[in-house]
Amino acid sequence: MTFVIGDKCLGERYATCVEVCPVDCIHPGEYEDQVFMIIDPDECIDCAVCAPECPIDAILETEDDDPKWTEINAQLAEAFMQNEPVEARPANEPPRKPENQLR
């Protein structure tokens, strides 16, 4: 099993998770014309270091938590891993989307 980034990250992309990942399996990109991050399931070692770093709880603990976003992470992995790293936003910065717009 691997960790998965879900819909709460769509349009937000704090990227604080990237700074703590020991294997660099988290990659940035755009999905549905919005900023997003994915976890490459082939690179993730299931260490759980990333999850507590996400200020909006966008990281799901198992693939079973949301099969749709598990598939999206896997499909985007190859393309996203080609992208340059992004600078992390401060974890205390408010979300860009109002709470009621989070999917």
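The values are calculated or read from the model by the stated rules, or taken from the named source; none is laboratory data. Everything quoted here is computed from the prediction, not taken from an experiment. Glycine also receives a Cβ, built like all others from the backbone with ideal geometry; neighbour counts cover every protein chain displayed. The accessibility values were calculated without ligands, DNA or RNA, using every heavy atom of the protein model including side chains. Shrake-Rupley method; radii C 1.70, N 1.55, O 1.52, S 1.80 Å.
Scan the range 67-103 for residues that are open to solvent by 70 Å² or more (accessible area, probe 1.4 Å) and of a type in the set (Gly, Ala, Ser) and jot them down. Residues satisfying the conditions do not exist here. Here is a check on your reading of the model: is Asp40 crowded, with 18+ Cβ neighbours inside 10 Å, more than 24 Å from Lys97 (Cβ to Cβ) and of a type in the set (Asp, Glu)? So Asp40 fits the description; yes.
Within the bounds of the range 15-24, is there any residue that is surrounded by fewer than 23 Cβ atoms within 10 Å (Cβ to Cβ) and touching a His at 6+ places or on another chain (Cβ under 9 Å)? Yes, some residue in the range 15-24 is surrounded by fewer than 23 Cβ atoms within 10 Å (Cβ to Cβ) and touching a His at 6+ places or on another chain (Cβ under 9 Å). Given the condition loosely packed, with under 13 Cβ neighbours inside 10 Å and outside any loop (DSSP other than H, G, I, E, B), answer yes or no: does some residue in the range 46-66 qualify? Looking for residues that are loosely packed, with under 13 Cβ neighbours inside 10 Å and outside any loop (DSSP other than H, G, I, E, B), one finds at least one in the range 46-66, hence yes. Being modelled with pLDDT of 95 or more and not hydrophobic (A, V, I, L, M, F, W, C) narrows it down to one of Gln34, Gln101, so name that one. Exactly one of Gln34, Gln101 is modelled with pLDDT of 95 or more and not hydrophobic (A, V, I, L, M, F, W, C), namely Gln34. Taking (1) open to solvent by 40 Å² or more (accessible area, probe 1.4 Å); (2) within 9 Å of the chain's Cα centre (by Cα); (3) not hydrophobic (A, V, I, L, M, F, W, C) in turn, Asp7 satisfies each apart from (1).
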